[in-house]
2 protein chains.
Amino acid sequence: MEPVRLLPGFRDFYPEAFRLRRHFATIWRQVAGLHGFSEYDGPVLEALDLFRKKSGEEIERQLFAFTDKGDRAVALRPEMTPTLARMVAAKAASLRRPVKWFSIGDQFRYERQQKGRLRCFTQFNADLLGEEGPAAEVELISLLAASLRAFGLTEEDFCIRISDRTFWIHFLETRGITGETARGVLGVVDKLERESPEATRQALGAVVGEAAADPLLEAIRRLVAVRDLGELEAIAGNGVDAGALGAARERLALWAELMADLEAIGLGDFVQVDLGVVRGLAYYTGFVFEAFDRKGAFRALAGGGRYDGLVELFGGPSLPAAGFAVGDVVLEELLRERGKLPPLVEAVDVYLVVGENSRRPALEAAAALRAHGYRVEYALKAGGFGKQFKAAAQSGARLALTFGPDEIARGVCKVKDLAARTEEEVPLASVLTAVARHFQA
Amino acid sequence: MEPVRLLPGFRDFYPEAFRLRRHFATIWRQVAGLHGFSEYDGPVLEALDLFRKKSGEEIERQLFAFTDKGDRAVALRPEMTPTLARMVAAKAASLRRPVKWFSIGDQFRYERQQKGRLRCFTQFNADLLGEEGPAAEVELISLLAASLRAFGLTEEDFCIRISDRTFWIHFLETRGITGETARGVLGVVDKLERESPEATRQALGAVVGEAAADPLLEAIRRLVAVRDLGELEAIAGNGVDAGALGAARERLALWAELMADLEAIGLGDFVQVDLGVVRGLAYYTGFVFEAFDRKGAFRALAGGGRYDGLVELFGGPSLPAAGFAVGDVVLEELLRERGKLPPLVEAVDVYLVVGENSRRPALEAAAALRAHGYRVEYALKAGGFGKQFKAAAQSGARLALTFGPDEIARGVCKVKDLAARTEEEVPLASVLTAVARHFQA
């Protein structure tokens, strides 16, 4: 019979691969803890309506959705934010603010298979709710940078590009572009880096009309080339709508606060003004940011931004909010390419070599050693000592303890230090002390 | 608009609940490591055929199964063993033996809602493959007992009842009962504790006929009352089929080895012969065991056994195997009832109180402290100091550092020990040293 296989786009984590998965989770947990974020989780299966509430037609096309045995329309979560918004909305009144939460969990998207994309991947999500000012973004960007630096990545490896959807809206307003048309323009901007100049020009013409397309495209190209706040201010000054102009200038005050704080918290070399980032998901409402490798060889490592309307959309109070997500797939590719994946070996501390009729003292020693925190393996069946010593070496154990019939008859066991290549005999009653001596040394 | 709710039978893990979930995982990982087991995981979504391969019609009725966008019949995993068998089968030739693996993961079953049962729960699974003798069961039962004892449960709280499906098969054979009829009898035995005597008698009559039912029921009742190996031997001696009798006696030699090893490894007080355990799943082939609370107030805490045929069924070589699973739901109920759930508080180390125009030095200190491993929170906006000190107390921080305009003007900050209620001023350049002094003390 044909063996049943793993589904395409999913991963098996054999112990070696699992160690890397664990390494990721350990680092994310540690860094989030340093920033005072608390871990939460929700179910991977939710009511389909939860994911319909949030824009994302793109996401609905990618859902693993079905009807359960109770006739409920359900779906595997494609991202964490709707669950977060549901949970916060349900208990908003009793949560200490700001809410600083993170999660590490699997997300599911039925995507076309391609490099850097899987149908099930792990995301590190962090969100900060209850703070409307850019201090929320500062804390999140600080956590994002720290979570990448903790893997050994430096400012030469990655950069966090910061943009502002609100500024974009006001900028377009100064040119009389609003509503659906503005969203259409942002869709074109989102694809700017990936499309040819001709395709971009054509797409923009379709959105704003042929007459307006060329001057707008020129203005857009100037805007996405901006890398510091002074230039941004100059560009914000050119417009026709005085109200929108004022609003754009107000954003610049927030920008100044954001960039000064990021500088103060030590991230000056890690962040960059870059209005070319607009983020696909429609629910972002202010600053947005993405982390990229400096060489531009990979997809975005992480993305996030402000989504002030979302908790209210899920039945909660109006609560300002911002957050980001890091996926494990691209991060692993980047770390591998940069040689930053650590060797993750797994070893026991002690291996027990067990002779015929020596099982009882060996098992007693195994129980005592484990109770004192030593990782212990032993030969499940009495075989040749040569074979057992080979197994001891493969186990990575530092010590091999031999319980042979000769030793047992004399009330001792042999303690061999496999690293130092020394051997001694110790009374059975002193095995624990002898092992402790080797590990303290 | 009506808010979208959590699906019935699923759980949200708000930070407080998540800490307990993490506590469970931490303990399971630690204990499995002491026993030399390596962690693995597979996807929660698998091809439906994977779960069809294994007996369990009961399980198929409970599957969250659907057709994906690529027209594949898929299902959320209801248990870990089919994925394990698939993974081991695929790489059996290259895996070091014995294979000692564990996993901690969510399982999904569309069950009727009742106490101790959820539609999504977490299981700790451990399996040992490649060893046909009872040494495998000894190592697994040792791990199972250790994983319960690590929560503070003692031999007064729980007991592992051990049974033997092979002995049952031979025992029934000595009475001429084989094949489907034997499986029918085991089905009756499985329900013995939960059904009335009348219902049991009636069910047995339906399987073996009215004439045979009464003497068989008497023999079954004697067998399930057995609590030591001597009695078991006496009962095995009564039969009509000499071949089956010999086979039953061979099992007794394995039983003797199993119980002697469990005694040697220190579990004499934790285990009990109890043929009343037969385990529902049809794929078990030898010893089976379940962990119960001694007072009998809860469902089984854990269950497992030998399933020698399974890896071959999934396209691998013939590989002896045994394993067990512990669920988190009943375990949590028991620990709560026994007062063994630890207080799991989460606190930062340092809280920064930030005054007007003092943001820059505060953010610099936050970055430096976090880089040195301190968990740091700070006021996201400059507010009243009283409010900030309240937030500092709520954060659980040991130290509150005040960066007020007066302090900054003098190049210092105030370090307040919230536990010791002491306060000192330190130069901004010495903040890290001052904090370190408090945490070393």
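Along the charge dipole of chain A, Cβ charges K/R +1 and D/E -1, which of A:433, A:404, A:144 sits furthest on the positive end? My answer, from the dipole projection, is A:404. Each other copy places its own label point for residue B:393 at 6.4 nm from this one, sorted shortest first, where the point lies 7 Å along the Cα-to-beta carbon line. Of all DSSP-defined beta bridges confined to chain B, some 80% are antiparallel rather than parallel. If you line up the long axis of helix A:179-190 against the longest principal axis of chain A, both from Cα atoms, how many degrees apart are they, to the nearest 10? Approximately 50 degrees, to the nearest ten. Rolling a 1.4 angstrom probe over the protein heavy atoms with all chains in place gives chain B an accessible area of 41 Å² per residue. In straight-distance terms, cross-link reach from residue A:414 covers every one of the aspartates and glutamates whose alpha-carbon lies under 13 Å from its own, apart from those fewer than eight places away in the same chain; here that gives A:406, A:423, A:424, A:425. Rounded to the nearest 10 degrees, the inclination of helix A:197-208 to the longest alpha-carbon principal axis of chain A is 60 degrees.
Note on the stretch B:76-116 and the stretch B:167-238: Cα centroid distance 31 Å, given to the nearest whole angstrom. For residue B:10, the residues whose modelled amide H falls within less than 5 Å of its own, excluding neighbours fewer than 5 places apart on the same chain, are B:119. Nearest beta carbon of chain B to the B-to-A rotation axis, with distance in whole angstrom: B:66, 2.
With a 10 Å cut-off around each Cβ of A:9-21, the average count of Cβ atoms from other chains is 5.
Residues with amide H under 5 Å of residue A:158's amide H, sequence separation 5 or more or different chain, H placed in the peptide plane at 1.01 Å from N; which? Residues meeting the amide H criterion: A:294.
Ranked from shortest, the separations from the 7 Å Cα-to-Cβ label point of residue A:263 to its equivalents in the other copies are 7.8 nm.
About its Cα centre, the dipole of the protein assembly as shown is roughly 240 debye, where the only charges are +1 on Lys and Arg Cβ and -1 on Asp and Glu Cβ.
Across peptide B:30-39, the mean count of Cβ atoms from other chains lying within 10 Å of each residue's own Cβ comes to 6. When +1 charges are put on Lys and Arg Cβ atoms and -1 charges on Asp and Glu Cβ atoms, the dipole computed for chain A relative to its Cα centre reaches about 1680 debye. Inter-chain neighbour count for A:87-97: the average number of beta-carbon atoms from partner chains within 10 Å of each residue's beta-carbon is 2. For residue A:259, the accessible surface of its heavy atoms amounts to roughly 40 Å² (probe 1.4 Å, protein chains only, rounded to the nearest 10). Between B:320, B:217, B:114, the Cα set farthest toward the positive side of the dipole of the stretch B:15-337 (charges on each charged residue's Cβ, about the Cα centre) is that of B:114. Calculated from DSSP H runs of 4 or more alone, at -39500 (n - 2.57) each and per residue, what is the 222 nm mean residue ellipticity of chain B, nearest 500? Estimated from H runs of four or more residues: -13000 deg cm²/dmol. Just the protein heavy atoms count here, and of the accessible area of the stretch A:350-440 at 1.4 Å, carbon and sulfur take up 53 percent. Listed by chain and number, the lysines whose C-alpha is less than 26 Å from the C-alpha of residue B:115, apart from same-chain residues fewer than 8 away, are A:69, A:91, B:191, B:295, B:340.
What separates the residue A:250 label point from its copies, with the point 7 Å along Cα to Cβ, is 8.6 nm, written shortest first.
Accessible surface buried by the A/B pair amounts to about 7700 Å², both sides summed, 1.4 Å probe. In chain A, taking the dipole from charged Cβ atoms about the Cα centre, the farthest positive-side position among A:158, A:378, A:129 is held by A:378. To the nearest ten degrees, helix A:15-34 and the longest principal axis of the Cα atoms of chain A are 60 degrees apart.
The values are calculated or read from the model by the stated rules, or taken from the named source; none is laboratory data. Computed from a prediction, not measured in an experiment: that's the story for all the values here. No Cβ is skipped: glycine too gets one built from the backbone with ideal geometry, and neighbour counts run over all protein chains shown. What goes into the accessible areas is simple: the full protein's heavy atoms, side chains included, and nothing from ligands, DNA or RNA. Shrake-Rupley method; radii C 1.70, N 1.55, O 1.52, S 1.80 Å.
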